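The values are calculated or read from the model by the stated rules, or taken from the named source; none is laboratory data. As the structure is a prediction and not an experimental result, all values here were calculated from the model. Positions of Cβ are generated from backbone atoms using ideal geometry, with glycine treated the same way; all protein chains shown enter the neighbour counts.
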């Protein structure tokens, strides 16, 4: 025991600057993700102004299951999540592969700087850019549509288009930044594998298909599992900034529903039940995706 304690002290003395840098992140997750777990008990109680609260079991979960509004919100969340998973998840992989093929280091750095920039913009700014770009009167997209001889499309008030607006605005914001992880994985692939493939007569496409993609397969599997775990968490900030009264019923998701009934109407127990439901489903999805990935590919999160 003493030896382990001494080793821990030596490790701390050697790496203390890194522990200090890690502390704010750990504190954030402790305060905002772990301590609130205790308050999840509100999902099983009727909240009273004067304590104690009344234990009601699964009453609020039954109310959610029988609520047409919550079922519509859940369906919206599933549809939007599926669209983002299908159309956004492969894009950072493609971006990383393309960046790896750029031979000019200066040009690659320029492209990386440009595509990483949207990640640092808040959804308030991005929503303003999106609304201005898609405006039916003077938006750049509708200007192009008009030049092609078509009528302008009111994207922000069109129930058939608004979900695609969510998908493409999220893609623009996150694809470049998310490609960082894949690009780092590509850089870590041994150059000897590429040299061996080239000696065997492999061209550029063959090297990508038989060396690069298998080399980043563990990274792809891990991030896919994590994305599946976040299936029901589809961007509160994005939806709250891009929604309006016309399209709200088509893009209202679980996160905005929890915000509305919890903070705006004061139904704390019902909001906690909806949030707990989302968290449990997310945990089940991530464990299921990990198990399936382990059996099929031998790779998972752990």
Taking segment 220-247 and keeping residues surrounded by fewer than 15 Cβ atoms within 10 Å (Cβ to Cβ) and over 17 Å from the mean Cα position of the chain (by Cα) leaves 244, 245, 246
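Restricting the search to segment 167-216, which residues are assigned to a loop (DSSP other than H, G, I, E, B) and at negative phi?
188, 189, 190, 200, 202, 203
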Within segment 95-107, the count of residues that are out of contact with any helix residue (DSSP H, G or I) (no Cβ under 6 Å at 6 or more places or on another chain) and either under 30 Å from residue 274 (Cα atoms) or without any contact (Cβ under 8 Å) to a residue 24 or more places away in the chain (or both) comes to 6
Conditions (1) in contact (Cβ under 8 Å) with a residue 40 or more places away in the chain; (2) under 30 Å from residue 55 (Cα atoms); (3) crowded, with 19+ Cβ neighbours inside 10 Å -> residue 258 fails only (1)
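Among residues belonging to segment 118-131 that are in contact with a helix residue (DSSP H, G or I) (Cβ under 8 Å, 6 or more places away or on another chain) and outside any loop (DSSP other than H, G, I, E, B), point out the one that is surrounded by the most Cβ atoms within 10 Å (Cβ to Cβ).
Filtering segment 118-131 for residues in contact with a helix residue (DSSP H, G or I) (Cβ under 8 Å, 6 or more places away or on another chain) gives 118-119, 121-124, 126-127, 130-131.
Filter again for outside any loop (DSSP other than H, G, I, E, B), leaving 118-119, 123-124, 126-127, 130-131.
Working: 118: 18, 119: 14, 123: 19, 124: 10, 126: 19, 127: 21, 130: 24, 131: 16.
Applying the filter and picking the extreme gives 130.
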Here the residues within segment 146-166 that are surrounded by fewer than 16 Cβ atoms within 10 Å (Cβ to Cβ) and either in a helix (DSSP H, G or I) or not assigned by TED's automatic domain parsing to the domain that holds residue 240 (or both) are 146, 147, 157, 164
